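The values are calculated or read from the model by the stated rules, or taken from the named source; none is laboratory data. Only a predicted model underlies this, so the values are computations on that prediction, with no experimental measurement involved. Glycine also receives a Cβ, built like all others from the backbone with ideal geometry; neighbour counts cover every protein chain displayed. All accessible areas refer to the heavy atoms of the entire protein, side chains included, with ligands and DNA or RNA removed. Shrake-Rupley method; radii C 1.70, N 1.55, O 1.52, S 1.80 Å.
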Amino acid sequence: MCTCVFSLLCPVIVIQLSPAPAPSQRAALQLPLANDGGGSRSSSSESSPQHHSYPSRPRHMLNLPTPQYGLVKSLENAEIDQKLQEIMKQTGYLKIDGQRYPAEVSDLISEGEIGSGTCGQVFKVRFKKTGHVIAVKQMRRTGNKDENKRILMDLDVVLKSHDCPYIIQCYGAIVTNTDVFIAMELMGTCAEKLKKRIQGPIPERILGKMTVAIVSALLYLKEKHGVIHRDVKPSNILLDNKGQIKLCDFGISGRLVDSKAKTRSAGCAAYMAPERIDPPDPSKPDYDIRADVWSLGISLVELATGQFPYKNCKTDFEVLTKVLQEDPPSLPLSMDFSLDFQSFVKDCLTKDHRKRPKYHKLLEHSFIRRYEVLVVDVAGWFQAVMERTESPRSSQCYSQHQLHSLFSR
Ligand code: ADP
């Protein structure tokens with residue numbers, strides 16, 4: 001989605017596993033292949049506010065985490081191996097609508113790419129055996145341990161979150177020598193791309209429903225699985241024409257120990273909480289789910305105003321510096337948002353994480369309470385946006401001004 005902040009801030013330690021085998025099987029795959037490119041995949045141009053190449057940074061300006069956590073690392077590696085064993089038992093079939101179908105890559109017919117992110121590409125795919133149209137995330141097994149970990153974490157979290165309506169549902173996975181294919185329910189698109197289609201603000205009522213969904217998903221992850229997402233941002237919030245809103249992309253989520261995250265892992269700089277950028281003890285990461293609450297706050301400001309709050313920054317480093325040094329962003333009074341929306345965003349963007357509310361407190365907020373019960377036609381709004389911004393003909397029918405009045409508050 002966007003540049004991994006730790007590849008900006010720290011020297012990346014790449015542990016090479018055995019290289020991916022020669023791509024002899026690829027001709028048999030019906031999906032287009034992810035670009036070769038070695039390490040981390042660059043994100044699609046649609047996904048994030050920051051797409052720059054960066055000069056080297058003066059490390060002294062920020063209190064940077066340093067990689068002194070060998071024990072944690074080896075525990076992590078053991079955990080990765082264990083996860084891989086568990087997941088391998090569950091591959092080679094898809095479970096759709098309660099039915100289990102044996103599946104291999106040749107059963108997946110690509111109908112085109114619908115997104116690309118940090119770990120790979122996402123395709124709209126027809127499952128030949130049943131005709132179901134689903135989403136498939138293709139991730140290359142590059143031999144880079146960090147990437148392998150992301151693949152496994154993503155798969156592990158989606159597979160076990162089958163009982164949460166606010167988390168993308170996984171139908172199963174197919175693992176080949178070169179790739180991992182994760183089959184998921186097909187959503188319409190992500191909030192980031194919706195913002196780009198509209199080229200303006202997303203209405204408060206839609207964001208109200210989105211907030212309920214995302215806070216519920218994050219609370220579920222924490223309470224049920226002891227997991228923190230760590231990459232909350234508009235491109236990881238998916239919507240569809242049924243009005244569903246779901247969280248996706250668990251590649252860098254982490255296990256909580258005593259409710260604290262003990263590993264650094266990556267994340268998108270643009271949405272990163274101050275306590276993750278500048279931890280009190282950089283060698284011992286010790287933040288909690290309130291880091292995700294901050295990211296939610298930044299995402300809400302961006303979607304509600306149609307503008308990324310640090311949009312004038314030229315580099316991620318500039319963003320990080322501003323996050324640390326400036327007052328937090330807020331919803332502009334001039335845009336006439338409800339008082340409880342303003343107050344909710346202000347709470348999420350409390351700079352001192354010790355004073356920032358956790359999920360239970362947020363769920364008591366009048367903004368969430370209101371949108372838990374309010375009936376909002378998210379489906380109708382979504383369909384209208386997709387129709388009126390999709391084809392070049394229809395977009396010619398609407399001027400920019402008309403689009404704004406159609407879709408903004
Ligand atoms: P990565 O893990 O590689 O960062 P993501 O899971 O974030 O990839 O997906 C990248 C993009 O693909 C998303 O921003 C979204 O636009 C699209 N996408 C992902 N999953 C789905 C899905 N199930 N249905 C529709 N679009 C999806």
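Please find, within the range 126-143, the residue that is farthest from the ligand (Cβ to nearest atom) out of those that are at pLDDT below 90 and surrounded by fewer than 20 Cβ atoms within 10 Å (Cβ to Cβ). My answer is Gly143.
Taking the criterion of being among the acidic types (Asp, Glu) and either at pLDDT 95 or above or closer than 29 Å to Asp288 by Cα (or both), would at least one residue in the range 375-383 satisfy it? Full working, then the answer.
Going through the range 375-383, the residues among the acidic types (Asp, Glu) turn out to be 377.
In the following step, the residues that additionally are either at pLDDT 95 or above or closer than 29 Å to Asp288 by Cα (or both) were identified as 377.
Taking every residue of the range 375-383 in turn, at least one turns out to be among the acidic types (Asp, Glu) and either at pLDDT 95 or above or closer than 29 Å to Asp288 by Cα (or both).
Pairing residues of the range 285-311 that are within 14 Å of Gly200 (Cβ to Cβ) with residues that are part of a helix (DSSP H, G or I) and open to solvent by 10 Å² or more (accessible area, probe 1.4 Å), at Cβ distances under 6 Å and at least 6 apart in sequence or on separate chains, gives Leu303/Lys195.
Regarding Arg409, is this residue more than 30 Å from Arg276 (Cα to Cα), at pLDDT below 95 and in a loop (DSSP other than H, G, I, E, B)? I'd like the intermediate steps shown before the answer.
Values: more than 30 Å from Arg276 (Cα to Cα): yes; at pLDDT below 95: yes; in a loop (DSSP other than H, G, I, E, B): yes.
So Arg409 fits the description; yes.
When the residues of the range 105-125 are filtered to those that are over 19 Å from Leu152 (Cα atoms) and outside any strand (DSSP E or B), the one that is most open to solvent (accessible area, probe 1.4 Å) is Ser106.
Put simply, of Gln82, Gln99 the only residue that is open to solvent by 10 Å² or more (accessible area, probe 1.4 Å), under 17 Å from Tyr171 (Cβ atoms) and more than 14 Å from the ligand (Cβ to nearest atom) is Gln99. Of all residue pairs spaced 6 or more apart or on separate chains, those with beta-carbon atoms under 6 Å, a first member in the range 188-202 that is in a loop (DSSP other than H, G, I, E, B) and a second member that is open to solvent by 10 Å² or more (accessible area, probe 1.4 Å) and away from the ligand (no atom under 12 Å from the Cβ) are Gly200/Gly306; Gly200/His404; Gly200/Ser408; Pro201/Thr305; Pro201/Gly306; Pro201/Ser408.
Only residues that are in a helix (DSSP H, G or I) and touching a Leu at 6+ places or on another chain (Cβ under 9 Å): list them for the range 87-104, please. Please lay out each step first, then the result.
We begin by selecting, within the range 87-104, every residue in a helix (DSSP H, G or I); these are 87-89.
Residue satisfying the conditions is Ile87 alone.
In the range 153-195, of all residues being open to solvent by 10 Å² or more (accessible area, probe 1.4 Å) and acidic (Asp, Glu), the one that is nearest to the ligand (Cβ to nearest atom) corresponds to Glu185.
Looking for whichever is among the β-branched types (Val, Ile, Thr) and surrounded by fewer than 21 Cβ atoms within 10 Å (Cβ to Cβ) here; the options are Ile206, Ile198. Which one fits?
Criteria check complete, one pass: Ile198.
Out of the residues in the range 196-217 that are within 16 Å of the ligand (Cβ to nearest atom) and modelled with pLDDT of 95 or more, which is nearest to Leu84 (Cα to Cα)? By that ranking, first place goes to Ala217.
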